[in-house]
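Below is one structure, written out as structure tokens; the observations come after it.
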Amino acid sequence: MNENNNTQQENISRVLLVGVNVDDNPDFETSMEELESLAEACEMEVAAKIEQNLSSLNPAYYIGSGKVKEVQETVEQLDLDYVIFDETLSPSQLKNLQKEVGVPIMDRTNLILEIFSRRAKTREARLQVESANLQYMLPRLVGMREALGRQAGASGSMSNKGTGEKQIELDRRKIEKRISELRRELEAIEHDRNTQRKRRNDSSLPQVALVGYTNAGKSTLMNKMVETYVGKEEKMVVARDMLFATLDTTVRKINQNDRKDFLLSDTVGFISKLPHGLVKAFRSTLDEVRYADLLLQIVDASDEHYREHIQVTEETCGSWEPKKSPAYM
């Protein structure tokens, strides 16, 4: 038992969080707290934080050059595994920081993608995450060179390239080819999903979608509805007290006996600074929002930032053109 616990402790990565407060942003501390929760959701131990106040971000390093040295020294002193930045780093920033710091660099987008990669269970979710991850990696190949984990060998036209061609270009073409393959696979899945959705529309049952910030309690409410009106334990969804515990959209028919039945959808939770590529990759899943007759926003009123969470949810839902004109609660 103790050996297992020790093994688990050894596998936990120790990380440094880095953030820049630009022009005394009132949401900065909240963003850093959320970054820590994201790291914990990725089973990482936050060993230290470094914060800096700036009037604008450093285009070369995100942080000031002096802070880069502090980050490097902190990594060495605490023997850390990763450094995680609170904003999405540009390809040049990632490349420059990787050279200076000496351990793998992650940004907020990369961290969210890693969480999604670990949580994805269904084939559709895995394909969506892979697509978003590759789109993130493509412009950052130079900075992420060591983390690519290349496959051995090549096939087809890839194996016929001249020996003088740069490996970075081979990686780029391999990724672009894979993105195209994923796009076709996801389009096929989306076609099947649209067929299923058409059947639901033909049933004339009202469609209700649970929406809200990640970890607000959507899956918990879904399970309570299933327990009360369906009564089948196998119909329950995963519900845990952590960010992005649920990735897959689940639809359940709710039978209310003397009242009208309806279809209830549990959707992926939202978060501030949600990577655009991830929103795009999950468009087929989040289409449940577009086709719903009612959007029921779940809010954790015990969270002191619940008003900001409401705003993020409404802005994210408003970014899709609805196929219906849903009521909003």
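The values are calculated or read from the model by the stated rules, or taken from the named source; none is laboratory data. The structure presented is a predicted model; accordingly, all values stated were derived computationally and were not measured. FYI the Cβ positions are ideal-geometry reconstructions off the backbone, even for glycines, and counts take in every protein chain you see. Only protein heavy atoms, including side chains, enter the accessible area calculation; ligands, DNA and RNA are left aside. Shrake-Rupley method; radii C 1.70, N 1.55, O 1.52, S 1.80 Å.
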Qualifying positions in region 165-184 - open to solvent by 50 Å² or more (accessible area, probe 1.4 Å) and either assigned to a helix (DSSP H, G or I) or in contact (Cβ under 8 Å) with a residue 40 or more places away in the chain (or both): GLN167, GLU169, ARG172, ARG173, LYS174, GLU176, LYS177, ARG178, GLU181, ARG183, ARG184
LYS273, sole failed condition from (1) closer than 21 Å to GLN128 by Cα; (2) in contact (Cβ under 8 Å) with a residue 24 or more places away in the chain; (3) part of a helix (DSSP H, G or I); (4) among the basic types (Lys, Arg): (3)
Positions within region 20-43 being in contact with a strand residue (DSSP E or B) (Cβ under 9 Å, 6 or more places away or on another chain) and under 12 Å from GLU87 (Cβ atoms), in sequence order: VAL20, ASN21, VAL22, PHE28, SER31, MET32, LEU35
Among (1) open to solvent by 50 Å² or more (accessible area, probe 1.4 Å); (2) under 17 Å from SER13 (Cβ atoms); (3) at pLDDT 95 or above, the one test that ILE84 misses: (1)
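This table checks each residue for (1) in contact (Cβ under 8 Å) with a residue 24 or more places away in the chain; (2) over 26 Å from the mean Cα position of the chain (by Cα); (3) assigned to a helix (DSSP H, G or I).
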residue: ASN25; (1), (2), (3): no, no, no
residue: SER31; (1), (2), (3): yes, no, yes
residue: ALA39; (1), (2), (3): yes, no, yes
residue: LYS49; (1), (2), (3): yes, no, no
residue: VAL68; (1), (2), (3): yes, yes, yes
residue: GLN72; (1), (2), (3): yes, yes, yes
residue: GLN77; (1), (2), (3): no, yes, yes
residue: LEU80; (1), (2), (3): yes, no, no
residue: VAL83; (1), (2), (3): yes, no, no
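Looking at this structure, is SER56 of a type outside the set (Val, Ile, Thr), at pLDDT below 95 and under 30 Å from ASP192 (Cβ atoms)?
The answer is no for SER56.
Based on this model, can you work out whether LEU16 counts as assigned to a helix (DSSP H, G or I) and either in contact with a strand residue (DSSP E or B) (Cβ under 7 Å, 6 or more places away or on another chain) or of a type in the set (Ser, Thr, Tyr) (or both)? Before the answer, list the steps.
Working: assigned to a helix (DSSP H, G or I): no; either in contact with a strand residue (DSSP E or B) (Cβ under 7 Å, 6 or more places away or on another chain) or of a type in the set (Ser, Thr, Tyr) (or both): yes.
Taking the combined requirement at face value, the residue does not satisfy it.
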Residue selected from region 51-66 under the condition out of contact with any helix residue (DSSP H, G or I) (no Cβ under 8 Å at 6 or more places or on another chain) and not in a helix (DSSP H, G or I), by the criterion nearest to THR88 (Cα to Cα): LEU57
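Let's see how each residue does on (1) hydroxyl-bearing (Ser, Thr, Tyr); (2) touching a Ser or Thr at 6+ places or on another chain (Cβ under 9 Å); (3) more than 30 Å from LEU89 (Cα to Cα):
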residue	(1), (2), (3)
ARG193	no, yes, yes
ARG197	no, no, yes
ALA209	no, yes, yes
GLY231	no, no, yes
VAL238	no, yes, yes
ASP248	no, yes, no
PHE262	no, no, yes
LYS273	no, yes, no
Count - residues of region 107-118 that are without any contact (Cβ under 8 Å) to a residue 60 or more places away in the chain and either surrounded by fewer than 21 Cβ atoms within 10 Å (Cβ to Cβ) or touching a His at 6+ places or on another chain (Cβ under 8 Å) (or both): 1
